[in-house]
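The values are calculated or read from the model by the stated rules, or taken from the named source; none is laboratory data. These figures come from a predicted structure and were not determined experimentally. Virtual Cβ from ideal backbone geometry, glycine too; neighbours counted across all protein chains shown. Note: areas computed on protein heavy atoms with side chains; ligands, DNA, RNA excluded. Shrake-Rupley method; radii C 1.70, N 1.55, O 1.52, S 1.80 Å.
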Number of protein chains: 2
Amino acid sequence: MRRPALALLTTSLLLAGGFANAADTGIPATAVKTAEQLRDKALHDDTAYQVVKSLTTEVGPRLAGGPNDQRARDWAVAKFKALGFDKVYTEPATYPLWVRHHESGSIVAPFPQQLVLTALGYSPGTPKGGLTAQVVAFDSLAALKAADPATIKGKIVYVGYRMQRHQDGHDYGMGSAVRTAGAVVAADKGAAGYLLRSAGTDAHERIAHTGVTGFRPGGKAIPAAALSNPDADQLERVLAYGKPVTVKLDLDCGIVGEYTGANVIGEITGKKYPDQVVAIGGHLDSWDPGTGAIDDGAGIAISMAAAKLIHDLPQRPDRTIRVIAFANEEMGLWGARAYADKHAKEVANFMLGTDSDLGAGKVYRMSASVKPEARHAIQQIADVLKPLGVAYDATRPGGGGSDLGSMHAKGMAALTLDQDATWYFDWHHTSNDTLDKIDPRELAQNVAVYAAWTYMAAEADGDFGSAPGAFAGDGAED
Amino acid sequence: MRRPALALLTTSLLLAGGFANAADTGIPATAVKTAEQLRDKALHDDTAYQVVKSLTTEVGPRLAGGPNDQRARDWAVAKFKALGFDKVYTEPATYPLWVRHHESGSIVAPFPQQLVLTALGYSPGTPKGGLTAQVVAFDSLAALKAADPATIKGKIVYVGYRMQRHQDGHDYGMGSAVRTAGAVVAADKGAAGYLLRSAGTDAHERIAHTGVTGFRPGGKAIPAAALSNPDADQLERVLAYGKPVTVKLDLDCGIVGEYTGANVIGEITGKKYPDQVVAIGGHLDSWDPGTGAIDDGAGIAISMAAAKLIHDLPQRPDRTIRVIAFANEEMGLWGARAYADKHAKEVANFMLGTDSDLGAGKVYRMSASVKPEARHAIQQIADVLKPLGVAYDATRPGGGGSDLGSMHAKGMAALTLDQDATWYFDWHHTSNDTLDKIDPRELAQNVAVYAAWTYMAAEADGDFGSAPGAFAGDGAED
């Protein structure tokens, strides 16, 4: 959820005509021309598809700290090297280690029936033999918040919010709040367990959407799981009979210690200002039921492929293109926060950045948080992206994406490149997050967007306003 | 797969003008009018939806001989009685008891990854600890049949046939042949195990389609399972690397004895010829991963609701309407065969019949196997069904459906009422076979069809040609 940034709105309108002052940041005409060539070449380049195919086929699910965590990092190092990146390295990130061994659930009474569900990240397990309790149901997070704890104590709370489909995916704001805050509210009110209707826009798949809860190590926590949408329908139908409904949860999962993984980083080294970087990326971890194709193999693939296209130019760009494959985004942005903490002091060297983490649908909108004097350069980028169907919305801030948002919060100038998320939340965080959900042409459009803007930012005359504490009021983060 | 019946074609064309001889079977005008009223009332009646909602919600999965078998029969007896049927009884059916305890699978090498699969009915289990073997792949049943057994011996055979979507669902002929015959061929050639790409038309769901194999008790059998379509894609991608691929199957399932269930039967007793019956129905069992909504809760609901509408008329029809909820259709038509064996000698009393077992999509086509002198009555039925979008194809035989096909094979005159199966095989035999897949309006259209034709057949002046051994050459069964 983002608020329009009114200060930027005013500035952008003043500059909408494209008049640039001498002090303004601009992109040289030769760089614009090269960016257009990169854009057009990217549309016919299948590197990104080959990268995500390789990741999902050869590694597969990548639960942070799980059996594939090291395999995924080895894969990323090898892939960066195979693509010819100038520099490949890792930076450690430490986080709680949550494991999932087993999960099942059923309606016990009045009508016994298995339920398809999935434990939420950071959920503790149930006692051996399972947790059996009566269900108390709410249709929204607000209703749960308003409930008398006496009606909840010792019961399994169920919240049946139905996430709605939108191009920009904004209802995930509420969907994920039901998952994260809902579990915390239920625990605080004395619930024995927590169930939600999956935060997903599919209505008919017996496939549950996992995701992290709001529990954190050391805090109060109760077993928490998401029902598939048809199973939520089933539970609601049974509840509608008006008899007490008892559910059994059997979850073998929980936090078992700490794990040190790593962000894996590849660079195309800038020839003129090697220490100044344009930052892109995605997250290398995924949820475990699927193979992490759209979340976020696509982001890894888009950023690697965009940088590879720039790598293949006759000469290196002026500044460094840094592709960061972040560790453990899913359970709390652990890689991103480790990265931002480590690099906060260098934030002025991060010219412009954003990662890709909303699947493989086409980019349809761009916005930016930059200094006013860089609006002209952003307009130049927008002009190059326009033929790809990307509309520039100067009234909105740029947030930097889910992971590089942490660097934006430190003061990095940032873009937001909104992808069409119409179908994304059908598959998000489920076993259905597999390669077949990616349209290679839509993926290539993303690469075209990233190759073009990344190159232009790397070639800009001037900067975009990155500085410690810059953009604190842009509204990109609520 | 059905062949056009040329003899019937000629006859039907002669009678297409609607001229009836005195010896012809016909439907009295008052009965036609009542049938039209039943038809129109059915479109606004939600009994069928309430029945299938009740069955799937209160009972759920109904694997033949499984924990819900008795619950389902109790439900059916209670539902027939609650709907006011004049007579409710059961007739036993005995069959092999196959159980499913656990199933999992994975690619072991070169790229370890879990596979979503489901054991096939009558598959034996793997040895404790699983079966691990190299995969040998074929793209069709024909290719497997042509293969040298030396290339297969000791390996896990995989057949990757992709079932195609058609309105009449005819490619299930090949899809199910890969599942049934493919497993037998593989076993005969010395394979250690058998895998197929699910016989389903969904392409993107991590949900596998179960179903029976061709194994029979006492015959040669090997562990056999179906991969979800995305998992079949994954296996094929890994195979395309050209390295040996090893898969592990871990199936805990098998035939453990014999079980005696029952067909559950409800009747609206005919006032004039109570011993003459019009037979409809569906099968009460379902596969276990889903709740058997479309397969075949829908058929049970359609036939119960159609008979209930006739029950609610001011007086009983001339002949008995018999609704049969068949036992264990899924693992080899055991209920249907027990029924036909028991009632073969009374076949002449079965005026006309067909069951409903292709989901809840609209009926779009009707055909019939009747004596030539009953074509006029069939045309009268067709005229009443026409406003529902049902086209009468006089060139095709009527098969009686999957279960009442067994009575047709004994000589019962039969209809075929083809339903739109465009989407049916996306969900068929999977965990996705749940209530939300049923459109109440399409279900009601089916009820309108069944109520109308059933009533007309029950009120006919004359018969439809049922006799021992009749219709043997009609091509309805290959």
Note to self: C-alpha centroids of segment B:274-337 and segment A:303-326 sit apart, in Å, by 66 Å
Here the convex hull volume per residue of segment B:98-257, taken over Cα atoms and given in Å³, is 104 Å³
The relative contact order of segment B:98-257, taking Cα pairs under 8 Å that sit 6 or more residues apart, comes to a percentage of 40 percent
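Express the carbon and sulfur contribution to the solvent-accessible surface of chain A as a percent, rounded to the nearest whole number, probe 1.4 angstrom. The partial results should precede the final answer.
On the way: 8900 of 16660 Å².
Roughly 53 percent of what the probe reaches on chain A is carbon or sulfur.
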Answer in debye to the nearest 20: the dipole magnitude of segment B:39-151 about its Cα centre, from +1 Lys/Arg and -1 Asp/Glu charges placed on Cβ, is 240 debye
Distances in nm between the label point of A:Gln167 (7 Å along Cα→Cβ) and its equivalents in the other copies, shortest first, are 3.4
Cα-based Rg then Dmax for segment A:12-169, in Å, read 25.9, 76
Heavy-atom accessible surface buried between A and B, both sides counted, 1.4 angstrom probe, nearest 100 Å², is 2300 Å²
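So, by mean Cβ neighbours within 10 angstrom, what's the order for A:355-366, A:72-83 with the highest one leading?
Numbers: A:355-366: 25.0, A:72-83: 18.8.
In decreasing order of mean packing, A:355-366, A:72-83 become A:355-366, A:72-83.
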With the full set of protein chains present, the residues of segment B:47-69 whose 1.4 Å probe accessible area falls by 40 Å² or more relative to the chain alone are B:Thr57, B:Glu58
Given B:184-191, B:215-222, the highest-first ranking by average Cβ count within 10 Å works out to B:184-191, B:215-222
Note on chain B: contact order normalised by length, alpha-carbon pairs under 8 Å, 6 or more apart, percent, works out to 25 percent
Here the whole-number average of other chain Cβ atoms within 10 Å per Cβ of B:430-437 is 5
Per the charge dipole of chain B (beta-carbon charges, Lys/Arg positive, Asp/Glu negative, Cα centre), the residue among B:Tyr392, B:Ala142, B:Leu97 reaching farthest to the positive end is B:Ala142
Env charge @ B:Ile310, Cβ radius under 13 Å, K,R +1 / D,E -1, value +1
About its Cα centre, segment A:98-257 carries a charge dipole, from +1 on Lys and Arg Cβ atoms and -1 on Asp and Glu Cβ atoms, whose size in debye to the nearest 20 is 380 debye
So, over other residues within a Cβ distance under 11 Å of A:Gly389, counting Lys, Arg +1 and Asp, Glu -1, the net charge is +1
Lys and Arg at +1, Asp and Glu at -1: neighbours of A:Asp148 with Cβ under 15 Å from its Cβ sum to +3
Sorted shortest first, the nm distances from the A:Pro149 label point (7 Å along Cα→Cβ) to its counterparts in the other copies are 7.3
With every protein chain kept in place and a 1.4 Å probe, segment B:98-257 has an accessible area per residue in Å² of 36 Å²
Summing -39500 (n - 2.57) over every DSSP H run of at least 4 in the protein assembly as shown, dividing by its residue total and rounding to the nearest 500, the 222 nm mean residue ellipticity is -9500 deg cm²/dmol
For chain B, longest principal axis from Cα atoms; helix B:298-311 axis from its Cα atoms; angle between them, nearest 10 degrees, is 10 degrees
Mean per-residue count of partner chain Cβ within 10 Å for A:101-114 equals 2
For A:Gly129, inter-copy label-point distances (7 Å, Cα→Cβ), nm, shortest first, read 3.2
What one gets for chain A as the Kirkwood radius, inverse of mean 1/r over different Cα pairs in Å, is 22.8 Å
Note on chain B, DSSP bridge orientation, antiparallel percent to nearest 5 equals 60 percent
Helix A:375-385: inclination vs chain A longest Cα principal axis, degrees, rounded to 10, gives 80 degrees
Once the dipole of segment A:98-257 is set up from charges on Cβ (+1 Lys and Arg, -1 Asp and Glu), the residue from the list A:Ala109, A:Gly200, A:His166 lying farthest towards its positive end is A:Ala109
Relative to chain B, whose Cα atoms define the longest principal axis, helix B:334-343 and its Cα axis are tilted in degrees, nearest 10, by 40 degrees
At the level of C-alpha centres, the distance separating segment A:355-422 and segment B:23-81, in angstrom, is 57 Å
